[in-house]
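Heads up: the structure comes next, in structure tokens.
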Amino acid sequence: MLISSEFVNVPAGSGAMRAYVAMPKRDGRFPGILCYSDIFQLTPSTLRSCARLAGYGYVVVAPEIYHRIEPPGTALEFDDAGRDRGLADAARTPVAHFDEDARFALDFLATHPRVAKEQLGVAGWCIGGHLAFRAALQPDVRAAACFYATGVHNGKLGADEDSRSLMRSGEIAAELMMVWGTSDPHIPAPDRIAIRKALHDAGVSCVFHEFPAEHAFMRDVGPRYDAEATDEAHALLVSHFRRYLG
């Protein structure tokens, strides 16, 4: 499916949050998906992932997660300096701000003229996986996909040492999918098992998928990229959203 894309300023309280928006060119209304990047913000790699998803029939909005800190249009390099800057930006951002921004983005999607009524989903990678998990706490989110979400097991997110994300998981009404790499040092097997048990105990409807891959295996640059695992994981993403959003 052919798509169009642009950068827009999403209303965010008294300011604006720059975001990438991609959607089918074909007429009609489609489910809306809030997509979260990793700590490097809207790099070409993340934009390609969002555009690919939009091509399956979704209106995708991907905000700059550090818009309160970084100048508009900032995308960090995949190097030590970029990583350190991204981590520092995260450490300066309280979870309350991330939650507010999720609501701003979801409201933008809910009122978008190309988005089908009450058809909202969220997805994210790395810190974005945790942000997608947080966004799934919002009552109007119907489906969520979290890829190698960091910090869910111990609550660490942004400036908060304990965001209580997992403790609040019983509030999630969305259909949840979590995808992991079994060689991911940031979320080793004991932590993945603990997350799965906590979600089960909380009664969350969730499916787990694991791939013999490393952290950030879906980022299509660098030595961790696994093309085969990425294609399979993306197919699961589309299948999940089509099942629960259409």
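What follows draws every value from the coordinates through simple rules; no lab data is involved. Since we're looking at a predicted model, the values are computed, not measured. Backbone-built Cβ (ideal geometry, glycine too); neighbour counts: all protein chains shown.
When both the stretch 188-244 and the stretch 5-61 are represented by their alpha-carbon centers, they are found 21 Å apart. The chymotrypsin sites (Phe, Trp or Tyr not before Pro) found in the stretch 170-221 include none that occupy coil by DSSP while having at most 14 further C-beta atoms within 10 Å.
Taking θ as phi - 60° and the Karplus parameters 6.51, -1.76 and 1.60, the scalar couplings of the stretch 28-43 work out to x, 10, 9, x, x, 10, 8, 10, 10, 7, 7, 5, 8, 6, 7, 6 Hz in sequence order, x denoting glycine and proline. One entry in (i) 109; (ii) 121; (iii) 194 is volume of the Cα convex hull per residue in Å³ calculated from the shown coordinates; its label is (i). With the cut-off at 1.5 for a/c, could you classify the stretch 1-90 from its C-alpha gyration tensor as rounded, prolate or oblate? In terms of gyration-tensor shape, oblate.
By the count of neighbouring beta-carbon atoms within 10 Å, fewest first, Thr43, Thr150, Thr182, Thr111 end up ordered Thr111, Thr182, Thr43, Thr150.
Taking a straight line from the alpha carbon of Lys197, these lysines sit under 29 Å away, with near neighbours fewer than eight places off in the same chain left out: Lys156.
Sequence-ordered 3J(HN,Hα) estimates for the stretch 53-61 from the Karplus curve with 6.51, -1.76 and 1.60 and θ = phi - 60° stand at 5, 4, x, 9, x, 9, 8, 10, 10 Hz, glycine and proline given as x. Residues whose amide H falls under 5 Å from that of Ala12, counting only those 5 or more places apart or on a different chain, are Met17, with hydrogens built in the peptide plane.
Extent of the stretch 125-246 along its three principal axes (Cα atoms, max minus min coordinate, largest first): 36, 36, 24 Å.
With both bridge residues required to lie in the chain, what share of the DSSP beta bridges run antiparallel, to the nearest 5%?
35 percent
Entry note, the chain: the mean residue ellipticity at 222 nm calculated from DSSP H runs of n ≥ 4, each adding -39500 (n - 2.57), is -10000 deg cm²/dmol after division by the residues and rounding to the nearest 500. Sorting Leu106, Leu42 by the number of Cβ atoms found within 10 Å of their own Cβ, with the fewest placed first, yields Leu106, Leu42. Partner lysines whose Cα lies under 20 Å from the Cα of Lys117, excluding those fewer than 8 positions away in the same chain, are identified as Lys25.
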